[in-house]
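Single-structure report; data block below.
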Amino acid sequence: MSLSLAIPDSIVQAIRLPEKRLREEMLLELALALYAQDALSFGKARELAGLSKYEFSQILGQRGIARHYGEAELEDDLAYARGE
């Protein structure tokens, strides 16, 4: 399943970003907002943004968005460290 959003032309034209960066920036902002609201996990939010763990962590820090780190994230990190 995928989801497409329709953003009116007047809004797209009002966004002060170069056209070639618009999609990328919109996905990043959506990922950050959903993560900050605890609606998306760290992994899924960074996937939506198209960023590495390091890059997404850096942006969270720059924006002052606290990492949500619980047991599930700890298990993921331990599994990754074990090479699973």
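Just so you know, all these numbers are worked out from the coordinates, no wet-lab data involved. All values reported here derive from a predicted model rather than from experimental measurement.
The figures follow:
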quantity	calculated
Long-range amide H partners of LEU40 with built H, under 5 Å	TYR35
Mean separation of Cα contacts under 8 Å, 6 or more apart, over the residue count of the chain: relative contact order %	19 percent
Of (1) 29, 13, 12; (2) 17, 13, 12; (3) 22, 17, 9, the label for semi-axes √(5λ) of the Cα gyration tensor in Å derived from the coordinates	(1)
